[in-house]
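What follows is a single structure, written as structure tokens, with notes after it.
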Amino acid sequence: MNIRADVGLTFDDVLLVPNHSSIRSRSHVDPSSWLVPGIRLAIPILSANMDTVTEASMAIAMAQSGGMGIIHRFMPIERQADAVRKVKRAESFVVENPLTVPSDTSIDDARRIMAEAGIGGLIVIGAQGQLVGILTARDLLLAPKGSYSVTSVMTPRERMVVAQADEPLDAARLALHAHRIEKLPLVDDQDNVVGLITAQDIIKLQEHPQATKDNKGRLRVGVAVGVRSPDLERAAVCVEAGADVLLIDIAHGHADHVVEMVRTLKREFPEYPVVAGNVATAQGVHDLAEAGADAVKVGVGAGSICTTRIVTGYGVPQLTAIADCARVGQEIGVPIIADGGISTSGDLTKAMAAGASTVMLGSLLAGTEESPGAAVVRNGRRYKVVRGMASLTANVARKEIEKIGEVDPDEWEAIVPEGVEALVPYRGTVTDILYQLIGGLRSGMSYAGAGTIAELWENAEFIRITPAGQAESQAHDVRLI
Ligand code: XMP
């Protein structure tokens, strides 16, 4: 037994002391940071791998804003891979394998295929796979219903504008504009279609200049996996679907089975970054990094919906955990992800100043339009549900997925939850909330005189505060309206 003499601190226990600054405007600071070596995020924020936070819509919005979403693992493998595919299809320079139909397809079938796939055009191919025409929603607008072939309304090959497979984006943009067309098929030497560039995709690129993208221009996305043998298959199927990052999601990450899983994933998928967690000590970071982890997630019991500290007695107050872990992380070049307990942009700034490279948000994002599930109305106000992944209902849902059936009520009693279910106010879109959070971080960086996150780490000085100091930090002695 050992009782540590130092005090564990969390966000509300401290403030950052303003530093001399040469920064004239918060727009002059750069909050970008490394998620893992090789993947830099324009904004240092991840959405949590929780079933009330991150599925495809959240991951798309996060990556478009310059952060990244981690799709949770509490669903069948194929559904998780589908979510990955949705994110990878949401934006790209080039649509690989665009949908094609044979030239004897009827107009009715073409209409149905386009509606089902939610797309505005189809490429028509001949028996040898060669390009014979293109069909757009406009061609079908007033076309008669029935079994007429699409060839009667499509634009035929000889009137089409096409480009080679390696067409640069700027040239594609010019061609689309010059010919006032919306779709530019890319063909190989045999006139087979190998890709498609659309005006819509180019517009999206302009709308999200900070988006987190892979080298094909697709949004990046991470997936959570566990440590059991089916999780290796989960990782393989998600990598095949296009996942960019594998994240081992275990409540107590400083454990042999997590270390082994890091080694296995690094061996099986050597080109893919592996994030491991959660830990709350420097030794935890050291051991996971030694096994090959490319980043380590820090936070035990800090989350808004966590009851681990109450149920087990374990945890380290989050600011101390981040600082302890970041010290070793920075020494060995492994980024730290501060996970849990961030409820304001001030907390975000403190977490980054304490040494985190990125943060993970659960409840703050659970109230947005893009989180899974619909909003509910209570007493005339809109809310969304958030639940701990170790809560009672999440445990039951997980067992139902594993068993593919209902869980016996007796089994409910055997569960010892370490999380709760809760309501959070509906907060509008992810873009709105990230704008406020990053605005606060930028402003905080200017108080530190820090143009970059590395300078924030260097310049940050924390001061402990008392309950009176905490009260002073809030709006006080006024009646809020
Ligand atoms: P916030 O505070 O952002 O925290 O909502 C999100 C993080 O909380 C963790 N998490 C849990 N921790 N029991 C726990 O002890 C749970 O049931 C639980 N569910 C989520 C997780 O690290 C998440 O990212």
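No lab work stands behind these numbers, since they all come straight from the coordinates. On a predicted model such as this, the values are computed, not experimentally measured, just so you know. Methodologically, a virtual Cβ is constructed for each residue, glycine included, from the backbone with ideal geometry; neighbour enumeration extends over all protein chains shown.
Using DSSP, restrict attention to beta bridges with both residues in region 95-206 and report what percent are antiparallel, rounded to the nearest 5. The partial results should precede the final answer.
On the way: 16 of 21 bridges.
The antiparallel proportion sits near 75 percent.
Between the Cα long axis of helix 107-117 and the first principal axis of the chain there is an angle of about 10°, rounded to the nearest 10.
Quick one: THR10, THR431, THR212, fewest Cβ neighbours within 10 Å first, how do they rank? Working shown, then result.
Values: THR10 17, THR431 14, THR212 23.
Fewest-to-most ranking of THR10, THR431, THR212: THR431, THR10, THR212.
How charged is the neighbourhood of ASP30? Take every other residue with its Cβ under 14 Å from the Cβ of ASP30, and add Lys/Arg as +1 and Asp/Glu as -1. Please list the in-between numbers first.
Values: positive: ARG26, ARG40, ARG442; negative: GLU455.
So the surrounding residues net to +2.
The HN-Hα couplings worked out from phi for region 143-149 by the Karplus form 6.51 cos²θ - 1.76 cosθ + 1.60 (θ = phi - 60°) are 5, x, 5, x, 9, 4, 6 Hz, whole numbers, x standing for Gly and Pro. Free of any GluC sites (Glu not before Pro) that DSSP assigns to a loop and that have at most 10 other C-beta atoms within 10 Å, the longest stretch within the chain is 1-270.
The chymotrypsin sites (Phe, Trp or Tyr not before Pro) of region 71-164 that DSSP puts in a loop, and whose beta carbon has at most 14 other beta carbons within 10 Å, are TYR148. Using a ≥ b ≥ c from the Cα gyration tensor of region 1-47 (square roots of the eigenvalues), is it rounded, prolate or oblate, where a/c under 1.5 gives rounded and otherwise the larger of a/b and b/c decides, a/b for prolate? Oblate.
Between the residues ILE45, THR10, ILE23, the greatest Cα displacement towards the positive end of the dipole of the chain, with unit charges on the Cβ of Lys, Arg, Asp and Glu, is found for ILE23.
Remark: spin-label model distance ALA137-ARG228 equals 4.3 nm, labels positioned 7 Å along the Cα→Cβ axis. With neighbours defined as other Cβ atoms within 10 Å of a residue's Cβ, the residues SER27, SER32 order from fewest to most as SER27, SER32.
Two numbers describe the Cα atoms of region 27-94: Rg and Dmax, which are 13.0, 44 Å. Listed here are the pairs LYS86/LYS204; LYS86/LYS216; LYS183/LYS216; LYS213/LYS384; LYS350/LYS384; which of them are more than 24 Å apart at the Cα? With Cα atoms farther than 24 Å apart: LYS213/LYS384; LYS350/LYS384.
Going by C-beta contacts inside 10 Å, put LEU288, LEU15, LEU365 in order with the fewest on the left.
Working: LEU288 28, LEU15 18, LEU365 31.
The fewest-first ordering by Cβ neighbours comes to LEU15, LEU288, LEU365.
Computed from label points 7 Å out along Cα-Cβ, the spacing between THR431 and ALA165 is 3.6 nm.
Rounded to 0.05, the FRET efficiency of the ILE3 and ARG85 pair, given R0 = 41 Å and the Cβ-Cβ distance, is 0.20. Both radii were evaluated on the Cα set of the chain; the Rg over Rh quotient, with Rh as the Kirkwood radius, amounts to 1.03. Taking a virtual spin label 7 Å from the Cα of ARG327 along the C-beta vector, which residues in region 268-310 bring their backbone nitrogen under 16 Å of it? Under cut-off, by backbone N: 280-287. For region 127-271, the convex hull spanned by the alpha carbon atoms encloses 210 Å³ per residue.
Taken about its Cα centre, the chain carries a charge dipole of about 1220 debye when Lys and Arg each add +1 at the Cβ and Asp and Glu each add -1 at the Cβ. Helix 229-241 axis versus longest C-alpha principal axis of the chain: approximately 50°, rounded to the nearest ten.
At a Förster distance of 25 Å, what's the computed FRET efficiency of ASP109 paired with ARG180, Cβ-Cβ distance as r, to 0.05? Numbers along the way, then the final one.
Values: r = 28 Å, r/R0 = 1.13.
Efficiency computed from Cβ-Cβ geometry: 0.35.
Treating region 426-481 as a set of equal point scatterers at the Cα positions, no solvent, please give the Debye-formula log₁₀ I(q)/I(0) at q = 0.19, 0.23, 0.26, 0.27 Å⁻¹. For region 426-481, the Cα-only Debye profile gives -0.94, -0.97, -0.96, -0.97.
Extension gain HIS252-THR312, at 0.36 nm per residue separation less the Cα-Cα distance, in nm?
Values: separation 60, 0.36 × 60 = 21.60 nm, distance 1.17 nm.
Full extension from HIS252 to THR312 adds 20.4 nm.
Would you compute, from DSSP H runs of 4+ residues alone, the mean residue ellipticity of the chain at 222 nm, taking -39500 (n - 2.57) per run and dividing by the full residue count, rounded to the nearest 500? All intermediate terms of the calculation are to be shown ahead of the outcome.
Details: 18 runs with 177 residues, N = 481.
The helix-only estimate for the chain comes to -10500 deg cm²/dmol at 222 nm.
Note that region 271-279 has calculated 3J(HN,Hα) couplings of 8, 9, x, 10, 9, 10, x, 9, 10 Hz, one per residue in order, obtained from phi through the Karplus relation 6.51 cos²θ - 1.76 cosθ + 1.60 (θ = phi - 60°); glycine and proline are x. With each label modelled as a point 7 angstrom along the Cα→C-beta vector, the ALA199-LYS216 pair spans 2.6 nm.
State whether region 95-206 is rounded, prolate or oblate according to the following rule on the C-alpha gyration tensor (a ≥ b ≥ c being the square roots of its eigenvalues): a/c under 1.5 gives rounded; otherwise a/b larger than b/c gives prolate, and the remaining case gives oblate. Cα axes put region 95-206 in the prolate bin.
Compute the longest continuous run of the chain that contains no exposed trypsin sites (Lys or Arg not before Pro); treat a site as exposed when its DSSP state is not H, G, I, E or B and it has at most 12 other Cβ atoms within 10 Å. Don't skip to the answer; put the middle values down first.
Numbers: sites that count: ARG4, ARG24, LYS145, ARG180, LYS216, ARG228, ARG479.
No qualifying site falls inside 229-478, the longest such stretch.
How far is helix 77-90 tilted, in degrees, relative to the longest principal axis of the Cα atoms in the chain, given as a value from 0 to 90 rounded to the nearest 10? That works out to roughly 70 degrees. Along region 255-270 the Karplus relation, 6.51 cos²θ - 1.76 cosθ + 1.60 evaluated at θ = phi - 60°, assigns HN-Hα couplings of 8, 4, 5, 6, 4, 5, 5, 4, 4, 4, 5, 5, 6, 6, 10, x Hz to successive residues, with x for each Gly and Pro.
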